[in-house]
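A short worksheet on the structure shown next.
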Amino acid sequence: MTHTVTLVADHLGFTGPKVQGHEYYVDAIIDVTDLDDALTTTGNFVALANTFTRTSGTAISGLSVGNLVTISNAVDGANNADTRITAIDGNLITFSSIGADETGDEITISKANLVIPYSEFGLSSVSQVFILGQEDMEIHWTVELGTDGSSFTADNLVLRPRKRNAASTSHPTNDCGTVRVRLLGQI
């Protein structure tokens, strides 16, 4: 994923966190210029462990725990699916689910969400996120939460764009334009 975060200045030109009640808030514009950051690599799937181990091809980089990814071009169609990264250790990726064992499989992994550390906004924790608007009205942005109501990935803002087309709810792949957000939390 390629993105830039621009903190929005207030009427005095200040772009840092500001106090609101007992929390600080930050307004930011996130410009997503390449959502999927697709990479093609070769390796082995182990369905029982929900893992993929890279053996050659493009190095595993730019992926984070919490990323929702689309696996495509896998030899066994059961592995061509949307799945979430639950762990990364060097060349080993653990997913939320893998459909079949496969050896020497050349696959493409494409990101379907953004995982942005709170530190990029000047905050250490966040209690609320508001999506204030977006450049591309054909894209619907949502905040992904865990079952406890907190961010899906600790200490990170997790945003998921979806195309608004009634015939399809597919993932956008590249330039998603800008999305403006307000985060409330602690410094």
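The values are calculated or read from the model by the stated rules, or taken from the named source; none is laboratory data. Keep in mind the model is a prediction, meaning the values are calculated, not measured. A quick note on method: Cβ atoms are made from the backbone with ideal geometry, for glycine too, and the neighbour counts reach across all protein chains shown. These accessible areas exclude ligands, DNA and RNA; they are computed on the full protein's heavy atoms, side chains included. Shrake-Rupley method; radii C 1.70, N 1.55, O 1.52, S 1.80 Å.
Computed values, structure above
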{"quantity": "Mean separation of Cα contacts under 8 Å (6+ apart) over length of segment 1-128, as relative contact order %", "calculated": "27 percent"}
{"quantity": "Most to least accessible of 82, 76, 27 (protein chains only, probe 1.4 Å)", "calculated": "82, 76, 27"}
{"quantity": "Distant-in-sequence amide H partners of residue 101 (H built 1.01 Å from N, under 5 Å)", "calculated": "47"}
{"quantity": "Neighbour net charge for residue 55 - beta-carbon separation under 13 angstrom, K R +1, D E -1", "calculated": "-2"}
{"quantity": "Percent of C-alpha pairs per 5 Å bin, segment 1-134, short to long", "calculated": "2, 9, 17, 19, 13, 9, 9, 9, 6, 4, 2, 0"}
{"quantity": "For segment 16-29, Karplus couplings with θ = phi - 60° (6.51, -1.76, 1.60), whole Hz, Gly/Pro x", "calculated": "x, x, 10, 6, 9, x, 9, 10, 9, 10, 9, 9, 8, 10"}
{"quantity": "Protein accessible area in segment 60-107, 1.4 Å probe - carbon and sulfur %", "calculated": "44 percent"}
{"quantity": "Cβ charges +1 (Lys, Arg) and -1 (Asp, Glu), total dipole of the chain, debye", "calculated": "380 debye"}
{"quantity": "Viscosity 1.567 mPa s, temperature 4 °C, Stokes-Einstein D of segment 41-82 from Kirkwood C-alpha radius, µm²/s", "calculated": "114 µm²/s"}
{"quantity": "Segment 1-55-segment 73-116 distance, computed between alpha-carbon centres (Å)", "calculated": "20 Å"}
{"quantity": "Cα extents of segment 13-65 along the three principal axes, largest first (Å)", "calculated": "51, 27, 13"}
{"quantity": "Karplus-derived HN-Hα couplings along segment 181-187 (A = 6.51, B = -1.76, C = 1.60, θ = phi - 60°), whole Hz, x at Gly and Pro", "calculated": "10, 10, 10, 10, x, 10, 6"}
{"quantity": "Segment 1-114 - accessible surface per residue (Å², probe 1.4 Å)", "calculated": "45 Å²"}
{"quantity": "Convex hull volume per residue for segment 59-187, taking Cα atoms only, in Å³", "calculated": "133 Å³"}
